[in-house]
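Presented below is the structure to which this report refers.
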Amino acid sequence: RHASGDWGNVCKEDAATNNEAVKAGFRILSAYPLDPAKPCRGFGENTVWIITEADRSATTFLLPSEY
């Protein structure tokens, strides 16, 4: 999802920033539920974050205990 431009459960501002980041080469942040059957608002215990660095050298997955 992250690689195809579906930013998951981020706010509208972060989604817009991500869309610009794809074009301009900045960092991209997505947030998704760990358990899709439970609520996820882009933060909290049921969230996994995916961050792609600006230079596209690395993509990192962060669990709630790591964020």
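Summary of values
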read-out: Cβ-Cβ under 8 Å pairs, at least 6 apart or on other chains, the stretch 7-27 side aliphatic (A, V, I, L, M), far side open to solvent by 60 Å² or more (accessible area, probe 1.4 Å); value: 21/27
read-out: Subset tally (residues that are under 18 Å from residue 56 (Cβ atoms) and among the basic types (Lys, Arg)) for the stretch 1-44; value: 3
read-out: Top-ranked residue in the stretch 36-62 [being in a loop (DSSP other than H, G, I, E, B) and modelled with pLDDT of 95 or more; ranked as nearest to the chain's Cα centre (by Cα)]; value: 53
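Residues are listed down the side, and each one gets a yes or a no for (1) among the polar types (S, T, N, Q); (2) open to solvent by 100 Å² or more (accessible area, probe 1.4 Å):
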{"residue": "2", "(1), (2)": "no, no"}
{"residue": "10", "(1), (2)": "no, no"}
{"residue": "15", "(1), (2)": "no, no"}
{"residue": "23", "(1), (2)": "no, yes"}
{"residue": "28", "(1), (2)": "no, no"}
{"residue": "40", "(1), (2)": "no, no"}
{"residue": "52", "(1), (2)": "yes, no"}
{"residue": "57", "(1), (2)": "yes, no"}
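The values are calculated or read from the model by the stated rules, or taken from the named source; none is laboratory data. Everything quoted here is computed from the prediction, not taken from an experiment. Methodologically, a virtual Cβ is constructed for each residue, glycine included, from the backbone with ideal geometry; neighbour enumeration extends over all protein chains shown. These area figures cover heavy atoms from the full protein model, side chains too; ligands, DNA and RNA do not enter into them. Shrake-Rupley method; radii C 1.70, N 1.55, O 1.52, S 1.80 Å.
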